[in-house]
Each structure stands twice: as structure tokens, then as C-alpha cells.
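Undergrad: Structure below; questions to follow.
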Amino acid sequence: MSSDILANLKQAILDYDPDAAAEWATKGVEQGINPAEMLAAMTDAIRRIGDGFNCGDLFLPDLVGGADAMGAATPIIQEEVRRLGAKTDSTGTVVIGTVFGDIHTIGKTMVATLLQAEGFIVHDVGINVTADEFIESVRTHNPDILAMSALMTMTATEQRKVIERLKDEGLRDSVKIMVGGGALTQEFADSIGADGYDPTAPGAAKLARRLLGR
Amino acid sequence: MGFTRGFTRRFPPLRVLSEEQVEEIHRGTLQVLWSTGVHVEHERALKLFEQHGCRVDHDAMRVRIPPGLVEDCLRKAPSSFPAPARDPNKTLMIGGNTLCLAVAPGHKTVDPTTWEPREATRKENYDAVRVLDALPTVHFFSPYTPYFGFEGVPSCMAMPESLAARIRCSTKFQCVGFSNDSEVFAIDMAKAVGIEILGTCAWAPPLALYRDAVESTFRIVEAGFCLRVVGGQVMGGTATASIAGAIVTNNAEVIAGLVLAQLIRPGTRVLVKDFTAPMNMASGAPAFGGIEISIHNAACNQMWQWYGVPLDNTTAYPNAKVPDFQSACEKAMRVMNAGISGGNTLLFHGSVHGELTHHPLQSVLDDDLAGMVGRFMEGVTVSTESLGIDVIEKVGPVPGHFMSSPHTRKWWKLEQYLPTTADRLTYPEWIATGKRTCLDYARERMEEILTNHKPTPLTPSQEDEVERVLEEARAYYQKQGLITDDEMRYYRETMKSPNYPFE
């Protein structure tokens, strides 16, 4: 029974079906299945989708569909983790968002999904995120990595502002910082004091692992 | 051929929708505007919508616009309007059966041998403007052009510096964007120099209008200038993957912007833009070279002729990285489609790859392509003289020919477009030139323009005013913390050339 539920939960992600994913997660909790096993089943599924995307067999709607299905089930399982006081394995925790003044979401969402496929717990704080909101998210989630996206030249400088604010708040050394976006270069990332930059979403997901030495 | 003031289409436009389909899309658009509504992050705009019968949820910043108001505002917007240039001979009439082409911007320039991107210098920016001023098929300038910025210029100063360069080195009509209140300085600069500008209201699809876009709209419209309302959706990402659905959302966005402009100032001259591209589903980037853009533009051109408001087509950005076969195909499809289906404006010249790179060599190549389409749009002249029945009678069958006929000497020049960069040589002639390509010819023409073209300069007092506004912008952004002391020092260093502002 336990293996059926895990298989169905995994299949729901592979079918991009959020309703089924939530349903099988709920059943798993009701049946007392170890939440770590459920999270592992979902990570396995999103990793398969991520691999398919990286090799060109699957496309962005598949990637985001898988992430949505996983997003529907994750809170149910996380709630059970908290109730049990259990520990879960993850590669690390990431806060990700698009900086203030910039409402581009696609690149940020791609990176967030591929980070999940790499086993990260991802807190996506959305678009048009102010420096204050980033600071607050870092305090709340205590992430290993803060990832900031900015598509436009005009908004890329906002990444510098967030890094400066992290320094002012004494938080800079507690978190690795990744930056990305169409207008960015490695030189720019270096100039604002980011720890990492990659021009592609799959590259960014691998970079996150490297930054944490995992 | 006199192309300086736009191309005139002398035949009925291409129709890709039936009348029933036009009405179905229109009904869908009205339904979205009334049921789904649009998100507007601006309290003054929300109140204005509410005062004119819209349902407004102030907490959610959601505006639902009734069909009656939509149709009333569509009627108030002019179907065509003058766009005055610094040189009155280059003033445009936007709308009707005219296509005006403009500059397609690039974030950076490219090295014209490796084709790799790099930041433009001040001189390269000004030189690129001079080339565009000289090209007859560049009818006006779009925002951020030719480059989003250049060496030494802090990013917040990119827009004011862009407009200053274009005013200094071109007498053509100018369009401006908005970022960090840049439109305030654009309005000030335009008024100080005594020119008109086309401002911008840009949507954040799907169906959202952020504060800075609304602020720009109020400022531009209240200053009495004309407004370009721009969508910007990616099909499959920020719009439906289906073309019909993406026409509905683009139209809903630009109509809501048009309504706002008419509520602020009835009769405001509005150019709406269908800025739609499919998503590259492997990368998430817009597939700017996609043929789907042309069919979307063609359908929107038909819709907006029906509405009676001028339409700007999706900027002709290629996915290609060099001016090659792919680039020419992607650009040719787009400009020809705009020409035959009734697009009123198209940002066309100079983009090498997407909105990332621009180069004057490409502008020269594009001038030729544009000229060919301009010629096509003139269509077929049918008259007693052009039919030439008497000439045909006189020449008769072989061994007769038309080469020595006075009719030929007159008409070949009227009918043929003579390209400046396309190679039409025979093989022996081509080999004798050292196998020159269109790029070689384009380079030669670009260098000839840079050597000989002297744009009409501003008067000394106009020049003082431009520099005054730039200084005010610099001070404003420094006070805002958007220019650091180090950036300002470097910026000032780049302004010490004896040939400032041109290099």
C-alpha cells in the first residue's frame, strides 16, 4: 500500500497533475508514510523531468507543469514534517526572486524548478521583490543561497543594492548569492560581489550545488 | 523613390481573418476587459477608471472596463495623426495605409568581425545615430536607440543620454520610453528644444500595468504628446500558446491603456503595439524570429484597421547572431508582412540579434530590405501610359525590343528599386571584385555616410538646453542613490573629450 501511494505520488508529478499530487500526498499522510520518503519520490520525479528538459526531450511547459504538481503536494508533506518534528534530506535551501522594478518571471521560475530537481528546498518569493523583502526572506528562511534574477540593464543594479543591504544587516556572510538574467555578465556579477553567475537555467542549478560543495 | 516620410500601400491589405472571426475576437476581448479585468498599480488611475463607470477593486487594484466605455474611447482616438519631426520635411503621418519604419534597439554593439557583443563607446553610439539619420527608410527613432547605454553612462542615465544623442544627431521624429522617471527629463528636453515626442506606456503581461508605466502615461498625455501603448507578451508564457487567445490579451491590454489615455485627455493620439512573440520552449526566451509573429501581427493589423487606431507591429528582432541567411529571412518576413497586411509602424533597422545587439552595418543592410518592401507597397501603376499598348504595337514581335524605347528610359527608373548592398554581378564580374558580398558593400556605404553625412546641428541655445536637462537628470539620479560616486567620477571622465558629446 505504501509503495502504491509513493508510486502514484511520483506518477502525479510525471503527469503534471496538481490535484492528483495533492490527493496522493494527503493519502500518504493519512497512511502514516514517512514524509521524507514522499519528498524523495517527488524529487525523483522532478529530477526525471529536469533531465528530460536538459536533454531536449521535454520542454518548458513540462518543467513548469511538474513544478506546479510538486508545489501542490509539498505543503501537505511539509506540514506533516513539522507535526512530527522529523528531519528531511535536502541539498540545501534557496530563496529566489526577481528584483524590484523587474517583473520578468520565466527565467526565475525555470531556475527554481531545476533547483528543486537538484534536491533543493526552494522558496520562490516572486517578482518585483524589494531589497527589504529579500532581507526579510533571508531572515525567515535562513537559506544557504539567495538567488536573484534581473532581465533588464536598468534593474540589474538592484542586485547590487540587495547585496549592500545584506552587508549592512550583517547577513552577507550567512548566505551564498547567485545572480542571473539576460542583461548580466560574469564581470557584472563579480563587480557587485555575487558568489556565482551562470547564463543558463540548467547551469545555475548546477552552480548552486557547486557553491555549497555538494 | 521618396521614402523619407513612410511607405504608402496602394492596394487592399491582406486579410487573414473572416469578419465573423474579427467580431469573435472583439467579443472575447470585451469579455476579458469586463470579467477578468486588468491590474493597475496606480491609485489616481484607479479613481479615474472608477469615475467613468469601471468596476474597481482598490485593494486588489483590479479594473473591469465596461464595453460601452471601450467603444467610446476607441472612437475618440484618432485613426491617424501627425508625428512632427525637428525637420518638418521628415514629419510623419502615422496611420491609414502608411507604414513607417524605425530603429530596432540593441543592448550592446557587436564586433563586426567576430560578431561577439560588447559595450558601445560614446562615439559608436553617436556614429550609429548619424548613420540612421542618413538612411532614407529610417522614418523615426524608437526608445533606447540605438543602444540601451554606452561606455561610462550609468544605467539610469541611458534613456536621457539616448534621447540627447538622437536629438543632437538626427532631425527625425523621436520616441521615448520610461524608467526611473526618465520621461520627466524626456518631456523637459523635448519642450526645451521645441520638438514633439512619442511617449510609452508598456504593459507587463498578462494584463498588468505597473506604477511607472501609468506614471509615464499621465506625464506624457498631460504634456500633450502622443502615446504608444505597448503589450509585450510571450505566447505560452505570459499569454496563451494559441494565437487567437494571444490576440485577445494583447488587445485587452492595449485597449485598457488607450482607455486610460482617453480618460486623461480625450482625443489623445495613440499608437498601440502588438508586441507578441512565441516562447522558445527549450529556453524560455522569446522566439523573435518565429513566423508565428507575422501571422499574429497580420491578424492584429486587421483588427486595428477595424478599430480605426494605428498599430505598431512586433519589433523585427532576428534570432540570428550575424547578418546571414537566417537574419535576412526573419527580417524580410516581418517587414513584408507589415507592408502587405497594414501595419502602421515597425521597429526594424539595426538589430543584429534580438534586443541584445545593434550595429550600423546591419542598419545599412536593413535599409535595402526596407526599400524593397517600400517598392512592393507601391504596387502596380495601371494607366494608359504604363500599359504601353502603343509601345508594344510599335515594337511588335521579335526581332523588336524595348531597350531603345523612350518609354523604357522613363519607366524602368519608376518601376525598379536599385539596391545599394545586394550583389547583382555576373560570376566573372563578382570574381573580379575579389568576391565582395553584401556586407562589403554595406561597410562601404556605412563608411561613406560616416565621412560625409553631417546632421543638421542644434542651435547653441538648444544644445545648452539639452546639456542642462542631462545635468539635472544626473543630479536627480545621484541624489536618488542610483549613481554611485565612483560611477559619477568615471562618467565625468568619459565626458572630457574635446569632441564631447560626440565622442
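Undergrad: Would you call residue B:299 more than 14 Å from chain A (Cβ to nearest Cβ) and either surrounded by fewer than 24 Cβ atoms within 10 Å (Cβ to Cβ) or not in a loop (DSSP other than H, G, I, E, B) (or both)? Before you say what the answer is, go through the steps one by one.
TA: Numbers: more than 14 Å from chain A (Cβ to nearest Cβ): yes; either surrounded by fewer than 24 Cβ atoms within 10 Å (Cβ to Cβ) or not in a loop (DSSP other than H, G, I, E, B) (or both): yes.
Yes; evaluated as a whole, the condition is true for this residue.
Undergrad: What about residue B:235, is it more than 18 Å from the chain's Cα centre (by Cα), within 14 Å of chain A (Cβ to nearest Cβ) and not charged (D, E, K, R)? Reasoning before the result, please.
TA: Working: more than 18 Å from the chain's Cα centre (by Cα): yes; within 14 Å of chain A (Cβ to nearest Cβ): yes; not charged (D, E, K, R): yes.
Spelling it out, residue B:235 is indeed more than 18 Å from the chain's Cα centre (by Cα), within 14 Å of chain A (Cβ to nearest Cβ) and not charged (D, E, K, R).
Undergrad: Would you say residue B:322 is away from chain A (no Cβ under 14 Å), touching a strand residue (DSSP E or B) at 6+ places or on another chain (Cβ under 8 Å) and surrounded by fewer than 24 Cβ atoms within 10 Å (Cβ to Cβ)? If you could, list the steps in order and put the result at the bottom.
TA: On the way: away from chain A (no Cβ under 14 Å): yes; touching a strand residue (DSSP E or B) at 6+ places or on another chain (Cβ under 8 Å): yes; surrounded by fewer than 24 Cβ atoms within 10 Å (Cβ to Cβ): yes.
Yes; evaluated as a whole, the condition is true for this residue.
Undergrad: Do we have residue B:293 as crowded, with 23+ Cβ neighbours inside 10 Å, more than 14 Å from chain A (Cβ to nearest Cβ) and either among the hydroxyl-bearing types (Ser, Thr, Tyr) or not in a strand (DSSP E or B) (or both) here?
TA: yes
Undergrad: Quick check on residue B:360: is it under 24 Å from residue B:133 (Cβ atoms), in contact (Cβ under 8 Å) with a residue 40 or more places away in the chain and in the same structural domain as residue B:83 (by TED's automatic domain parsing)?
TA: So residue B:360 passes the test.
Undergrad: Moving to a separate point now. Any residue in the stretch B:477-503 that's at positive phi: show its pairings with residues that are at pLDDT below 95 and in a loop (DSSP other than H, G, I, E, B) at Cβ separation under 9 Å, as long as the two are six or more apart or on different chains.
TA: Between residues of the stretch B:477-503 that are at positive phi and residues that are at pLDDT below 95 and in a loop (DSSP other than H, G, I, E, B), there is no close pair.
Undergrad: Kindly provide the set of residues from the stretch B:176-209 that are among the aliphatic types (A, V, I, L, M) and not in a helix (DSSP H, G or I), ordered by number.
TA: Across the stretch B:176-209, the qualifying residues are B:176, B:195, B:197, B:198, B:202, B:204, B:207, B:208, B:209.
Undergrad: Can I ask one more? Can you confirm whether the stretch B:190-212 contains a residue that is touching a residue at least 12 places away in the same chain (Cβ under 8 Å), more than 14 Å from chain A (Cβ to nearest Cβ) and under 21 Å from residue A:158 (Cβ atoms)? Lay out the reasoning, then the answer.
TA: Step one: filter the stretch B:190-212 for residues touching a residue at least 12 places away in the same chain (Cβ under 8 Å), giving B:190-212.
Checking the rest, the ones that are also more than 14 Å from chain A (Cβ to nearest Cβ) come to B:190-199, B:201.
Checking which are under 21 Å from residue A:158 (Cβ atoms) leaves us with none.
Taking every residue of the stretch B:190-212 in turn, none turns out to be touching a residue at least 12 places away in the same chain (Cβ under 8 Å), more than 14 Å from chain A (Cβ to nearest Cβ) and under 21 Å from residue A:158 (Cβ atoms).
Undergrad: Kindly indicate which of B:457, B:501 is touching a helix residue (DSSP H, G or I) at 6+ places or on another chain (Cβ under 7 Å) and modelled with pLDDT of 95 or more.
TA: Details: B:457 fails: touching a helix residue (DSSP H, G or I) at 6+ places or on another chain (Cβ under 7 Å).
One residue alone meets the criteria, B:501.
Undergrad: Further question on the same structure: Filtering the stretch B:393-425 down to residues that are β-branched (Val, Ile, Thr) and farther than 30 Å from residue B:134 by Cβ, which residue is surrounded by the fewest Cβ atoms within 10 Å (Cβ to Cβ)? Talk me through it step by step, then tell me what you get.
TA: Just the residues of the stretch B:393-425 that are β-branched (Val, Ile, Thr), to begin with: B:395, B:398, B:408, B:420-421.
If we keep only those that are farther than 30 Å from residue B:134 by Cβ as well, we get B:395, B:398, B:408.
On the way: B:395: 18, B:398: 6, B:408: 15.
Filtering first and then ranking leaves B:398.
Undergrad: I would also like to ask the following. If the requirement is being touching a Pro at 6+ places or on another chain (Cβ under 6 Å) and without any contact (Cβ under 8 Å) to a residue 60 or more places away in the chain, which of these qualifies: B:282, B:287, B:332?
TA: B:287
Undergrad: Can I ask one more? State whether one or more residues within the stretch B:52-62 are closer than 27 Å to residue B:157 by Cβ and touching a residue at least 12 places away in the same chain (Cβ under 8 Å).
TA: No; the residues of the stretch B:52-62 include none that is closer than 27 Å to residue B:157 by Cβ and touching a residue at least 12 places away in the same chain (Cβ under 8 Å).
Undergrad: Out of (1) within 25 Å of residue B:324 (Cβ to Cβ); (2) modelled with pLDDT under 95; (3) surrounded by 22 or more Cβ atoms within 10 Å (Cβ to Cβ), the odd one out for residue B:112 is which?
TA: Looking at each condition in turn, residue B:112 falls short on (3).
Undergrad: Another question about this same structure. Six or more apart or on different chains, Cβ atoms under 6 Å: show the pairs whose first residue is in the stretch A:53-74 and within 11 Å of chain B (Cβ to nearest Cβ) and touching a residue at least 12 places away in the same chain (Cβ under 8 Å) and whose second is surrounded by fewer than 19 Cβ atoms within 10 Å (Cβ to Cβ) and in a loop (DSSP other than H, G, I, E, B).
TA: Taking only residues 6 or more apart or on different chains, the pairs are A:60/B:281.
Undergrad: Further question on the same structure: Which residue out of B:146, B:154, B:160, B:117 is within 14 Å of chain A (Cβ to nearest Cβ), surrounded by 23 or more Cβ atoms within 10 Å (Cβ to Cβ) and in contact with a Ser or Thr (Cβ under 9 Å, 6 or more places away or on another chain)?
TA: It is B:160.
Undergrad: I'd like the full set of residues that are buried (at least 19 other Cβ atoms within 10 Å of the Cβ) and at pLDDT 90 or above, limited to the stretch A:89-107.
TA: Matches in the stretch A:89-107: A:92, A:94, A:95, A:96, A:97, A:98, A:99.
Undergrad: Right, another one. Could you figure out which of (1) hydrophobic (A, V, I, L, M, F, W, C); (2) within 12 Å of another protein chain (Cβ to nearest Cβ); (3) surrounded by 24 or more Cβ atoms within 10 Å (Cβ to Cβ) isn't true of residue B:254?
TA: For residue B:254, the failing item is (2).
Undergrad: Say we look at the stretch B:1-35 and pick out the residues that are in the same structural domain as residue B:58 (by TED's automatic domain parsing) and in contact with a Lys or Arg (Cβ under 8 Å, 6 or more places away or on another chain); which of these is nearest to residue B:206 (Cα to Cα)?
TA: Among residues in the stretch B:1-35 that are in the same structural domain as residue B:58 (by TED's automatic domain parsing) and in contact with a Lys or Arg (Cβ under 8 Å, 6 or more places away or on another chain), the one nearest to residue B:206 (Cα to Cα) is B:33.
Undergrad: Quick one: which residue in B:23, B:50 is part of a helix (DSSP H, G or I), under 30 Å from the mean Cα position of the chain (by Cα) and not hydroxyl-bearing (Ser, Thr, Tyr)?
TA: Numbers: B:50 fails: under 30 Å from the mean Cα position of the chain (by Cα).
B:23 is the lone residue from the list that is part of a helix (DSSP H, G or I), under 30 Å from the mean Cα position of the chain (by Cα) and not hydroxyl-bearing (Ser, Thr, Tyr).
Undergrad: Also, I was wondering about something else. Just one of (1) part of a helix (DSSP H, G or I); (2) outside the structural domain of residue B:163 (by TED's automatic domain parsing) trips up residue B:366, so point out which.
TA: (2)
Undergrad: Okay, next question. Please count how many residues of the stretch B:215-228 are crowded, with 21+ Cβ neighbours inside 10 Å and within 14 Å of chain A (Cβ to nearest Cβ).
TA: Result for the stretch B:215-228: 1.
Undergrad: Please specify each residue of the stretch A:112-154 satisfying the condition of being facing chain B (nearest Cβ under 10 Å) and at pLDDT 90 or above.
TA: Within the stretch A:112-154, none qualify.
Undergrad: If you don't mind, another one. Mind listing whichever residues of the stretch B:257-283 are surrounded by fewer than 24 Cβ atoms within 10 Å (Cβ to Cβ) and within 14 Å of chain A (Cβ to nearest Cβ)?
TA: Of everything in the stretch B:257-283, those that are surrounded by fewer than 24 Cβ atoms within 10 Å (Cβ to Cβ) and within 14 Å of chain A (Cβ to nearest Cβ) turn out to be B:278, B:279, B:280, B:281, B:282, B:283.
The values are calculated or read from the model by the stated rules, or taken from the named source; none is laboratory data. Values in this document were obtained by computation on a predicted structure and should not be read as measured data. Please note: Cβ atoms are built from the backbone with ideal geometry, for glycine as well, and neighbour counts cover all protein chains shown.
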